[in-house]
1. May I ask you to verify whether Ala14 is at pLDDT below 95 and in contact with an Asp or Glu (Cβ under 8 Å, 6 or more places away or on another chain)?
2. Sort through Arg54, Arg26, Arg42 and tell me the only one that's more than 21 Å from Arg137 (Cα to Cα) and at pLDDT below 95.
3. Between Leu43, Leu2, which is touching a residue at least 60 places away in the same chain (Cβ under 8 Å) and in contact with a Leu (Cβ under 8 Å, 6 or more places away or on another chain)?
4. Looking at the range 78-114 only, could you name the residues that are touching a helix residue (DSSP H, G or I) at 6+ places or on another chain (Cβ under 9 Å), modelled with pLDDT under 90 and of a type in the set (A, V, I, L, M, F, W, C)?
5. Name the pairs whose Cβ atoms lie under 6 Å apart, with the first residue in the range 55-72 and over 14 Å from Leu115 (Cβ atoms) and in contact (Cβ under 8 Å) with a residue 24 or more places away in the chain, the second surrounded by fewer than 18 Cβ atoms within 10 Å (Cβ to Cβ) and not charged (D, E, K, R), and 6 or more positions between them or separate chains?
Amino acid sequence: MLAADPGASIANIATEAGVDRRTVYRRFASREDLLAAIYASRLSAIEDAVADARLREAPVGVALHRYVENIIAVNRTWPVDLARMLADDSVRARRDASVHEVDVFLERAANEGLLRSDLPQGWANALLPQLMHLASRQMPGLSPAQAADVVVDTLLRGLGAS
């Protein structure tokens with residue numbers, strides 16, 4: 001609901017959840033506390049997705065597909081944008097740590113010849129999240145695994161070493 005209407009009221013959220021507004025307020029003192037909990041859950045899911053992909057240990061192709069599939073599932077489960085919370089230092093630090101893991105992984109992918117080395121620095125790092133976002137939102141009929149197939153194929157055919 002918050003993804004569709006970031007300004008949704010606690011009353012509307014409670015109604016959508018099938019609970020009384022007081023029930024929401026017993027758990028969350030304010031709308032901001034509710035949003036913080038949602039963002040924290042999304043961040044935890046992202047961190048779990050990154051860890052599960054084993055970006056530093058697994059073969060690059062396997063890790064890439066696993067990461068993309070996991071993030072598409074996170075995007076669909078928690079379709080809220082973290083941008084509103086990035087002013088919070090702890091949120092930004094957690095997000096930056098996950099981004100760093102992916103950056104290191106994509107550098108590894110380039111070093112191992114899976115990605116072209118003649119592209120501008122950071123191009124794959126900028127493109128991959130956009131492809132995952134598109135697959136998450138524009139291809140709801142595909143499972144996360146099927147959507148990951150499309151994203152990985154698009155990334156590698158567009159950026160893959162010839």
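1. So Ala14 passes the test.
2. Values: Arg54 fails: at pLDDT below 95; Arg42 fails: more than 21 Å from Arg137 (Cα to Cα).
After applying the criteria, what remains is Arg26.
3. Every option except Leu2 fails the conditions.
4. Listed by number, the residues that qualify are Trp78, Val80, Leu82, Met85, Leu86, Val91.
5. Final answer for the pair search is Glu69/Ala145.
Condition check ((1) polar (S, T, N, Q); (2) open to solvent by less than 20 Å² (accessible area, probe 1.4 Å)) across all residues:
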site: Pro79; (1), (2): no, no
site: Leu86; (1), (2): no, no
site: Ala110; (1), (2): no, no
site: Asp118; (1), (2): no, no
site: Leu128; (1), (2): no, yes
site: Leu142; (1), (2): no, no
site: Gln146; (1), (2): yes, no
site: Asp153; (1), (2): no, no
site: Leu156; (1), (2): no, no
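The values are calculated or read from the model by the stated rules, or taken from the named source; none is laboratory data. Every value quoted in this text rests on a predicted model; they were computed, and no experiment measured them. Quick reminder, even Gly has a Cβ in these numbers, built from the backbone with ideal geometry, and neighbours come from all protein chains shown. When the accessible area is computed, the model is the full protein with side chains, heavy atoms only, and any ligands, DNA or RNA have been set aside. Shrake-Rupley method; radii C 1.70, N 1.55, O 1.52, S 1.80 Å.
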